[in-house]
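Let me begin by presenting the structure, written as structure tokens, before commenting on it.
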Amino acid sequence: MRVPLAWLRAYCDPGLTAAQVADRLDLTGTELERIEQVGVGAPDGFVVGRVLSAEQHPNADRLKVCEVDDGSGEPRTIVCGAPNVAAGQAVPVALPGAAMPDGTRLGEAKLRGVESSGMILAEDELGIGEQHSGIVVLDGDRLAPGTPLAEVLPIADEVLELEITPNRPDCLSVYGIAREVHAATGAPLAEDPSDADAEAAGDDAVEDHAAVEIADPDVCLRFTARVFEDVTIGPSPLWLKQRLIAAGQRPISNVVDVTNYVMLLTGQPLHAFDLDRVRGARIVVRRAGNGEKMTTLDDVERIFDPSMALVCDAEGPSGIAGIMGGQVSEVSDGTTRVLMEAATWVGPNVLKTSKALGLRSEASTRFEKQLHPEQAMVAQRLAARLMVELCGARLVPGTIDAYPAPAEPRTIALDLGRVERLLGTRIPDEDVARILATLGFETSARAADRGAPHVGADAAGAAGGERALTVTVPYWRDADVQREADLIEEIARVYGLDKLPTTLPARERAVGRLTHGQALRRRLEDALRDRGLDEVVGWSFTAPEALERLRLGDEPALRLTNPLSEDQSVMRPLLLPGLLDAARHNAAHGAPGVALFESAHVYRPDGPLDAPEGSPRGATPAAERSHVAGLLTQSAPATWRSPAGPADFYAGKGLVEALTAVAGVDLVAKPGSEPFLHPGRACRVLVAARGASDPVEIGWIGELHPLVARAWDLAGAVAFELDADALAEVTAGDVATFDDVTSFPAVLQDIAVVAPVDVAAAAVEAAVREGGGELLTSVGVFDVYEGEQVGEGNRSLALRLEFQAPDRTLTEDEVADRRGAIEAALGEIGGRIRG
């Protein structure tokens, strides 16, 4: 919404700069996008001049040499090309050095051999209109030469461009913003310009000229019409043109400009019909017939369907309800009779029609947010005054008002004690009443429940009992303020949200902590980040074609009934497609080696895809689960010495083992595969809580099937995907424990164990742990050797041992005793400590 500051000040002038006004509005919920300068760069250098003479230029047929009195005492010579310049006129003059609307500085010039010092200006050169065919002629009787032009014409202005939220259609008007400034600053608010009506004249009645019928009340809440005769079509006055241009509208003619001006000032769109072109002098509001056509004012033929509302005359459509009129009854230079329409349309219908036709207008922007029916007559009153004043029109007595279901004013009970409880601070009762009054709400004391006493009429307090008010909502806030909480929000934003204390919500037995599943997912994500994987965030939707490339074409999937596109028409049943898309994108941009993971939800049908007859659309139940998935395309970064190769199965298995270790469960690999995995290099992932006998399947690991890798333009990759919710369920009963960290030093020793090659390293490690007892806190294999020095059929494992006691420093004898026990345990599996 563009709000010219000068126009705003005409109704509420707080005496603040544009930036300060914007700050006050911002604090009360009306966000500023930017402040724009319109008109001339600065008013300095623009004055009123009087043309003393206008002689033909000696060297140009279309130029005149003018002597102009600019109030300086010496006449100024100005060469002018306007055909309407003449002696005796009062005109706007730009002096050398003045900043023009396009930012250029006016200088001295020589035109066809004659020195010209300044410029006599047309509308577009002042930025207050679009006319360039002639200069602006001012009222010469009242203006003295040298008068600053800014005192006569609005040649320089600032525009506040505001972001209006959908629940505030009242702020899509200049007077609506003036109300907000009044409430935010306390500056006086001028009388509503729509309160006064025009005087009707004549012995005829409006019903003698036109008739209106609402055939479908489901699309139109109210339709009002007035008739004007003896209309003179012409240009609008400069002040009106300037306000329209500053607000982003193009002046057209006085009648059309009146409709746009009233819409911008009150927020209620209007439409003017040439009554002589309304066939049958009859207006019918109805739904369109299937395939019905009409050419709109933008010279485009539109085709309608029965969901769309039309304004029709006796022979067919003449306008799209709430969006745009038709050419068939357009106001033109020959118009002398005008039917002025101000209607209230059903917002959702306007929004749906606008979207279906791809046609959006200033009117539809307002109607789709649902205006109140009372605004129709508000706009009619203001438009009637302007039509009489600016178009010389005669207002025919009476108003056609089709209003099937009149709306009653909304009243809300406000408990002043609840205001304090919700906001966390006490706002004096008189301040509550004052704030509501500045916003246009009417308040009155009401009897509290169970016969409690009334509060004072000024809400200053109560002698006893509950403090309560009855609040009547003004029509322009009816769609937004519907309950007590809405009133309290209004009080808070005007009182000042910055004045409210910052407190935590008061909730009994509420402890802010993560659930077990949330905490586990965070630990899993941290574990993958710690191992060098980068997190990606993919779409919750995927394409059916992606599932086919994964060889999952026969798998049931959840399809959207109204997708954004075919590529996002299926809810993803697993995270792998998004990871593959990210890997392909990186490879296409020169980064083939990636290590990626994602932790997010997947969606799968939890019942039959075909809903039973009579069930609501989209009735298929869905299972939403949290998954963690990873994808590696290279086993290690490439170097000049060793190019990287594709990651293998064991790289993925190592990551999954790390995740199960974080969760505190045992990993069990089970033969099995998925259609998108290499059949010989994949497995199912099962886990079991430590001490439990039955493992639970939670996912898979494997190298990509070559066809799948080729479909995503990858040389190869390994991936895994785990059901984090299932993993959380397995570990839900685990109790977190901790071991105290001892301050006594550890004893580190390295040993080499020789054992037959058919003895697993895990068996060697288990024997060492058994012999080391409680003092052996850590065992790890760090080297393997096979060769002549250990004999054929044997191998040597190098292990690092860490001995530590929680309550003392170990002695050499204690460690030596443990070494002996270790050697004895190794002997039982055919091993020995290498000397």
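Couple of notes before you dig in:
- FRET efficiency estimate (nearest 0.05) - Cβ-Cβ, GLN568 to ILE252, R0 51 angstrom: 0.75
- Virtual spin-label span in nm between THR472 and ASP498, 7 Å along Cα→Cβ: 3.6
- Three-way shape label, region 274-386, alpha-carbon gyration tensor, a/c 1.5: oblate
- Extension gain, HIS132 to GLU389: 0.36 nm times the residue separation minus the Cα-Cα distance gives 90.0 nm.
- Contact order relative to length of region 50-114, as percent, for alpha carbon pairs under 8 angstrom and 6 or more apart: 29
- Relative intensity of region 160-285 on a log10 scale, I(q)/I(0) at q = 0.10, 0.13, 0.19, 0.21 Å⁻¹, equals -0.45, -0.74, -1.28, -1.37, per a Debye sum over C-alpha point scatterers of equal strength in the absence of solvent.
- Size of electric dipole in region 696-835: Cβ of Lys, Arg +1 and of Asp, Glu -1, about Cα centre, debye, nearest 20: 460
- Rg and Dmax of region 1-119, based on Cα coordinates, read 19.8, 63 Å.
- Cα Rg, Dmax, the chain, angstrom units: 40.9, 128
- Helix 576-588 axis, angle to the chain major axis (alpha carbon atoms, nearest 10°): 80
- If the chain linking ALA10 and LEU560 were pulled fully straight, counting 0.36 nm for each residue of separation and taking away their Cα-Cα distance, it would gain 192.8 nm.
- For the pair LEU297 and ASP195, the difference between a 0.36 nm per residue extended length and the Cα-Cα distance amounts to 33.6 nm.
- To the nearest ten degrees, helix 429-438 and the longest principal axis of the Cα atoms of the chain are 60 degrees apart.
- Taking packing as the residue-averaged number of other Cβ atoms within 10 angstrom, the listed peptides 49-59, 175-185, 753-763 run from highest to lowest as 175-185, 49-59, 753-763.
- Zone of THR17's modelled label, taken as backbone nitrogen in region 480-523 under 12 Å from a point 7 Å along Cα→Cβ: none
- Two-site label geometry, GLU697 and ARG360: point separation in nm, points 7 Å out along Cα→Cβ: 5.0
- Contact order, relative form, for the chain: 8 percent (alpha carbon pairs under 8 Å, 6 or more residues apart, mean separation divided by residue count).
- Reachable lysines, given that their alpha-carbon falls under 30 Å from the alpha-carbon of LYS110 and they are not under 8 places away in the same chain: LYS64
- Structure-based [θ]222 nm, the chain - -39500 (n - 2.57) summed over DSSP H runs of at least 4, per residue, nearest 500: -7500 deg cm²/dmol
- Inter-site label distance for VAL790 and GLU624 at 7 Å from Cα along Cβ, in nm: 5.5
- Cα centroid separation, region 171-188 to region 1-51 (Å): 14
- At 1.002 mPa s and 20 °C, Stokes D of region 739-811 from Kirkwood alpha-carbon radius, µm² per second: 159
- Highest-first arrangement of 783-795, 523-535, where packing means the average Cβ count within 10 Å: 523-535, 783-795
- Radius of gyration over Kirkwood radius for region 511-594, both on Cα atoms: the Rg/Rh ratio is 1.06.
- Ranked by solvent-accessible area (1.4 Å probe, protein heavy atoms only, all chains present), the residues SER743, SER354 order from largest to smallest as SER743, SER354.
- ARG76 long-range amide H proximity, modeled H, under 5 Å: VAL68, ASP69, ASP70
- Lys, Arg +1 and Asp, Glu -1 on Cβ, resulting dipole of the chain about Cα centre, debye, nearest 20: 480
- In the chain, taking the dipole from charged Cβ atoms about the Cα centre, the farthest positive-side position among HIS132, PRO501, MET308 is held by MET308.
- For region 470-517 versus region 208-229, the gap between their alpha-carbon centres in whole angstrom: 41
- For peptides 39-46, 410-417, sequence by mean Cβ density within 10 Å, most packed first: 39-46, 410-417
- Between region 52-82 and region 339-409, the C-alpha centres lie 49 angstrom from each other.
- Solvent-free Debye calculation, one equal scatterer per alpha-carbon of region 41-192: log10 I(q)/I(0) at 0.12, 0.17 Å⁻¹ equals -0.60, -0.93.
- Relative to the longest principal axis of the Cα atoms of the chain, helix 374-391 runs at roughly 40 degrees.
The values are calculated or read from the model by the stated rules, or taken from the named source; none is laboratory data. Predicted, not measured: the structure shown is a model, and the values here were computed from it. Here Cβ is always computed from backbone atoms with ideal geometry, including for glycine, and neighbour counts include all displayed protein chains. Accessible surface areas use protein heavy atoms only, side chains included; no ligands, DNA or RNA. Shrake-Rupley method; radii C 1.70, N 1.55, O 1.52, S 1.80 Å.
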